[in-house]
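Before any comments, here is the structure.
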Amino acid sequence: MAAEATPRRVGFVGAGRMAEAIAQGLIRAGKVEAQHVMASAPTDRNLCHFRALGCQTTHSNQEVLQTCSLVIFATKPHILPGVLAEVASVVTTEHILVSVAAGVPLSTLEELLPPNTRVLRVSPNLPCTVQEGAMVMALGRCAGSSEAKLLQNLLEACGQCEEVPEAYVDIHTGLSGSGVAFACTFSEALAEGAIKMGMPSGLAHRIAAQTLLGTAKMLLQEGRLPAQLRTDVLTPGGTTIYGLHALEQGGLRAATMSAVEAATCRAKELSRK
């Protein structure tokens, strides 16, 4: 299976928002057919969303493992160890197991599963729900380049996915997981500045969000650093340099760096618990 471009069946243990977002991305992009996706959860509360997509559902975690070769574990972190212990007896060498649970290291996953299990860890973020996620993945001891390529090919349906050392996963949480909230705070502040100057609220918020979207697309598509793109908007004595001066006086740059640092440190604390 590792050599296949896409797996025949994909399973989800846990059917919350992130699992649904990934499944939806895979199905919409044509990576996997809906009837070849199976999800499990203790109750029907979230499984109804998978049924609406045309997926199979079950209350048995073991059934997912027995049906699917590639299984994504999307449970809450504190629940995951118990779930892995429950399904360990049906894990085979054919399986590729992927965890999206924050703060659970590869070493813990491998300890709870049979020897030589192919395990990968993925750190997604909320924009996966609109297929614009920023994801990183780290490989366990028995996972290789074929598993990495397979998973990357699948997850690109939900956004950008890059392979990194596991040490970067907590940094990604601080940068991109928490960064969604940081970006929302900045977007809100941009809009409120315009509201203060007399623009209607709805219009200001739409323009602020579109400005962030357009800027991000230019940075990614043109492969330029932010400083290079910023120079394109700067004119001597113009509006932008006056605004940037005000941002520097307010300590925006230092505050943002400190926010990423604080979120990363907290992610590392949670990983140790």
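Residues whose amide H comes within less than 5 Å of that of THR57, counting only those at least five positions distant or on another chain, are ALA39 (H built at 1.01 Å from N in the peptide plane). Panel values: region 47-132, Kirkwood radius from alpha carbon pairs, Stokes-Einstein at 4 °C and 1.567 mPa s, translational diffusion coefficient 94 µm²/s.
Helices meeting the span-like rule in the chain (full DSSP H runs, Cα extent of at least 18 Å along the helix axis, mean Kyte-Doolittle score of -1.0 or higher): 179-196, 201-222, 252-272. Amide H contacts under 5 Å for GLY133: CYS128, GLY159, GLN160, restricted to partners 5 or more places along the chain or on a different chain, H placed in the peptide plane at 1.01 Å from N. For region 49-147, the relative contact order comes to 21 percent (Cα pairs under 8 Å, sequence separation of at least 6). Using the rule -39500 (n - 2.57) for each DSSP H run of four or more residues, divided by the residues of the chain, the 222 nm mean residue ellipticity is -15500 deg cm²/dmol. In order along region 166-172, the phi-based Karplus estimate (6.51 cos²θ - 1.76 cosθ + 1.60, θ = phi - 60°) of 3J(HN,Hα) comes to 4, 4, 7, 5, 5, 5, 4 Hz; Gly and Pro are listed as x. Go ahead and run the numbers for FRET between CYS142 and VAL90, Cβ-Cβ distance against an R0 of 25 Å, rounding to 0.05. Using R0 = 25 Å, I get an efficiency of 0.90.
Looking at region 136-273, I'd like the Rg to Rh ratio, where Rg is from alpha-carbon atoms and Rh is Kirkwood's inverse mean 1/r.
Expressed as Rg/Rh, it is 1.05.
Between region 76-103 and region 143-195, how many Å separate their Cα centres? Result: 23 Å between the Cα centres. List, in the order given, every pair from LYS196/LYS268; LYS76/LYS149; LYS31/LYS268; LYS31/LYS217 whose Cα-Cα distance in the structure shown is over 29 Å. Over 29 Å apart, Cα to Cα: LYS196/LYS268; LYS31/LYS268. Distances between every pair of Cα atoms in region 19-68, grouped in 10 Å steps from 0 to the bin holding the largest one, split as 28, 58, 14 percent. Quantify, in whole percent, the carbon and sulfur part of the accessible surface of region 23-175 (1.4 Å probe; protein heavy atoms only). Carbon and sulfur atoms account for 52 percent of the accessible area of region 23-175.
If you bin every alpha carbon distance in the chain into 5 Å steps from zero, what whole percent lands in each bin? It works out to 1, 5, 11, 15, 17, 14, 11, 8, 7, 5, 3, 2, 0, 0, in whole percents. Here the relative contact order of region 162-273, from alpha carbon pairs under 8 Å that lie six or more residues apart, stands at 43 percent.
Excluding ASP232 itself, calculate the net charge of residues whose Cβ lies under 15 Å from the Cβ of ASP232, where each Lys or Arg counts +1 and each Asp or Glu counts -1. Here the count lands on +2.
Give, as a single signed number, the net charge of other residues whose beta carbon lies under 14 Å from the beta carbon of GLY103, with Lys and Arg counted +1 and Asp and Glu -1. Within the 14 Å Cβ shell, the charges total +3. Phi angles across region 96-103 convert, under the Karplus curve 6.51 cos²θ - 1.76 cosθ + 1.60 with θ = phi - 60°, into 3J(HN,Hα) values of 10, 10, 10, 10, 10, 6, 5, x Hz, Gly and Pro given as x. Relative contact order of region 41-94, taken over Cα pairs closer than 8 Å and 6 or more residues apart, is 31 percent.
Taking every DSSP beta bridge with both residues inside the chain, roughly what % is antiparallel (nearest 5)?
15 percent
Amide H to amide H, with H built 1.01 Å from N, ILE96 comes under 5 Å of LEU70, VAL71, counting only residues 5 or more places away or on other chains. Taking GLY54, GLY16, GLY202 as the candidate residues, the one with maximal mean-square fluctuation in a Gaussian network model of the chain, Cα springs under 10 Å, is GLY202.
The values are calculated or read from the model by the stated rules, or taken from the named source; none is laboratory data. Nothing here was measured: the structure is a model prediction, and the numbers come from that model. Positions of Cβ are generated from backbone atoms using ideal geometry, with glycine treated the same way; all protein chains shown enter the neighbour counts. The area values use the complete protein model at the heavy-atom level, side chains included, leaving out ligands, DNA and RNA. Shrake-Rupley method; radii C 1.70, N 1.55, O 1.52, S 1.80 Å.
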